[in-house]
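One structure is given here, and the rest of the page talks about it.
The values are calculated or read from the model by the stated rules, or taken from the named source; none is laboratory data. Since the structure is predicted, the reported quantities are computational estimates derived from the model, not experimental observations. Heads up, the Cβs are rebuilt from the backbone with ideal geometry, glycines too, and the neighbour counts pull from every protein chain shown.
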Protein chains: 2
Amino acid sequence: MVRPGGRSARVQHAVHTAVRELEAEVGRDALTVPLVAARAGVTPSTIYRRWRDLQQLLSDVAVERLRPDAAPDDRGDLASDLETWAEQFLDEMASPPGRAYIRDALLGDPDGGNAGQCSAYAAEQIGVILARAAERGENTPGIESVIDGVVAPMMYRILFRPGRLDASYARRLVADLLAASGRTGG
Amino acid sequence: MVRPGGRSARVQHAVHTAVRELEAEVGRDALTVPLVAARAGVTPSTIYRRWRDLQQLLSDVAVERLRPDAAPDDRGDLASDLETWAEQFLDEMASPPGRAYIRDALLGDPDGGNAGQCSAYAAEQIGVILARAAERGENTPGIESVIDGVVAPMMYRILFRPGRLDASYARRLVADLLAASGRTGG
DNA sequence: ACTCTAAAGCAAAGACGTAGCTTCTAAGTG
DNA sequence: CACTTAGAAGCTACGTCTTTGCTTTAGAGT
C-alpha cells in the first residue's frame, strides 16, 4: 500500500532529488544505485526493491522532467499557438538532455506507462491549444491529427534520425497539418 | 583493424548466435554478459571490450533482426503496395518481440547509428515501392512524406501508446497520405 | 493507545564489471 | 615461404554492484 505523506513518500522524494543532483554533479553515466542511495540517505536495497534497477529509477525521474511546467503560450490564433508550441517542443526534446530523458523514459517497464505519460503530457498541451482555438470559433483539427502530423514525425526524427532537425521542420509540419484540416474541415 | 574472415569475425558470429539462442532459451531478462560469453566460447572481457556492455550487444543483435529479409510485395499499384507494406510493418513492429527489438536498437550508443540503421531499412523498402510506382508512371509522394505520414505515426504509437494499434490504422495513414499527395501532385 | 503490515534497514554471499598483462593469430613484407 | 607486427582474445585479480533473508520501523486503521 502506498502511504502518501509517510515515510515512503519521503524516501521517494529523497531518491528522486538525489538522482537529479548527482546527474548534474557527476554526469548520467557515473550514476549508480549505491551512489544515489548514499546521497538520498537510504540503503541500496531500498532502491532495488522499489525500482528494481537503475533504469526504472531513471525512467521515473525522466518522466517528471518531461512534464510541462506551464500552459502553452496564447498568441491569439491556432496557427501561431501550434507553431510556437511545436518549435519549443522540438527544441527541448531534440537537445542532448531532452533526448536523454526521452530515452530514459522509454527504457522503463514497457507496460509501466512511463512512455505513455510522456505522450499524455503532449496531448494535454495540444488539447489546451485546440480548446482555446475552438472557443474563438476557429476550425480545429482533432488532437489525434496533431499527434500524427506533428508530434510523431518530430519524435521519429529525434529518436531515429538525429541531426536532421531544425525549427523550420516544426513549422512545416504545422503548416501542412492546418492546410489539410482546412480542406477537410477537420 | 577489423579482419573479416579471421578470428574477430568468428567471435562476433559466435557471440551474436549465443545471444539469439539464449534469448529464446532463458528469456531476454536473464541474459548476462558472462552467460553469453560462456555459450559463445569466449571470455567475458572480449565482449566487454568489443561491445562495452550488454546493451550495446543487444542493440547490435536487434538491428540485425529488424533488417528486412525480402523486397516488399509488388501488388501492381502504389496504394496497394504501400498499404500492404505498412500493415506488415506495423504488425511486426507492434508485436511484443518487435517492440523489444526496437527498444534494444534505440538503447545502443545514441550516436552509434543503430537507430538510424532501422530508419534506413524502412526508407529503403519504401524507396523500392516508390521507384516501382514511378516506373509505372504513377504520381508518387516523396520518401520523406511517407516517413512523416506513415512510418513516424506508427512508430510513435508503438513506442508511446501501446494498445492503440490495429491494421486499420496503417491503412488510414496510407490513404490520407495518398489523398494529400494526389492533391499537391507530390 | 494498540495492532498490523507495508516498507526500510542491515549484512553477507554471490555475481558482475574493469584493467593490466600475456598470448595468439592473421595480414603485410621481403 | 619465413618473418614481423599490431590488433584482438585470453587470463586473472580486484573492486563494485546486486540479490536475498531476516529484523526493525513507522504510519494507517480500529
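Below, the figures for the structure above:
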| quantity | calculated |
| --- | --- |
| Top-ranked residue in segment A:22-47 [being closer than 18 Å to A:Arg99 by Cα and more than 11 Å from DNA strand C (Cβ to nearest atom); ranked as farthest from the other protein chains (Cβ to nearest Cβ)] | A:Ala24 |
| Residue match in segment A:63-72 (condition: within 28 Å of A:Ala123 (Cβ to Cβ), touching a Ser or Thr at 6+ places or on another chain (Cβ under 9 Å) and assigned by TED's automatic domain parsing to the domain that holds A:Pro96) | yes |
| Residue match in segment A:57-67 (condition: of a type in the set (Gly, Ala, Ser), within 16 Å of DNA strand D (Cβ to nearest atom), farther than 30 Å from A:Glu138 by Cβ and in a helix (DSSP H, G or I)) | yes |
| Residue, nearest to the other protein chains (Cβ to nearest Cβ), within segment B:157-172, restricted to residues that are surrounded by fewer than 23 Cβ atoms within 10 Å (Cβ to Cβ) and assigned to a helix (DSSP H, G or I) | B:Arg157 |
| Of the criteria (1) within 16 Å of DNA strand D (Cβ to nearest atom); (2) loosely packed, with under 12 Cβ neighbours inside 10 Å, which one B:Tyr48 fails | (2) |
| Answer residue from segment B:106-142, given it is in contact (Cβ under 8 Å) with a residue 24 or more places away in the chain, away from chain A (no Cβ under 14 Å) and part of a helix (DSSP H, G or I) and is nearest to A:Arg99 (Cα to Cα) among those | B:Gln125 |
| Single residue of A:Asp69, A:Asp73, A:Asp60 found to be charged (D, E, K, R) and surrounded by 19 or more Cβ atoms within 10 Å (Cβ to Cβ) | A:Asp60 |
| Among the candidates A:Ser59, A:Ser145, residue that is under 14 Å from the mean Cα position of the chain (by Cα), of a type in the set (S, T, N, Q) and within 14 Å of another protein chain (Cβ to nearest Cβ) | A:Ser59 |
| Selection count, segment B:25-47, where residues are without any contact (Cβ under 8 Å) to a residue 24 or more places away in the chain and more than 25 Å from A:Pro110 (Cβ to Cβ) | 7 |
| Residue count for segment A:12-56, restricted to those that are among the hydroxyl-bearing types (Ser, Thr, Tyr) and either within 20 Å of the chain's Cα centre (by Cα) or part of a helix (DSSP H, G or I) (or both) | 4 |
| Residues located in segment B:92-105, provided they are part of a helix (DSSP H, G or I), more than 10 Å from chain A (Cβ to nearest Cβ) and surrounded by fewer than 19 Cβ atoms within 10 Å (Cβ to Cβ) | B:Glu92, B:Pro97, B:Gly98 |
| Any hit, segment B:48-56, residues being within 14 Å of chain A (Cβ to nearest Cβ), free of Cβ contacts under 8 Å to residues at least 60 places away in the same chain, under 19 Å from B:Ser119 (Cα atoms) and away from DNA strand C (no atom under 16 Å from the Cβ) | no |
| Given (1) under 30 Å from B:Ala170 (Cβ atoms); (2) of a type in the set (Gly, Ala, Ser); (3) in a helix (DSSP H, G or I), number of the condition B:Ala9 does not satisfy | (1) |
| Some residue of segment B:127-136 being closer than 16 Å to B:Glu64 by Cβ and either surrounded by fewer than 20 Cβ atoms within 10 Å (Cβ to Cβ) or modelled with pLDDT under 95 (or both) | no |
| So B:Arg3, is it within 8 Å of DNA strand C (Cβ to nearest atom), over 23 Å from the mean Cα position of the chain (by Cα), more than 20 Å from B:Ile102 (Cβ to Cβ) and modelled with pLDDT of 95 or more | no |
| Test result for A:Ala180, part of a helix (DSSP H, G or I), over 17 Å from the mean Cα position of the chain (by Cα), modelled with pLDDT of 95 or more and not polar (S, T, N, Q) | no |
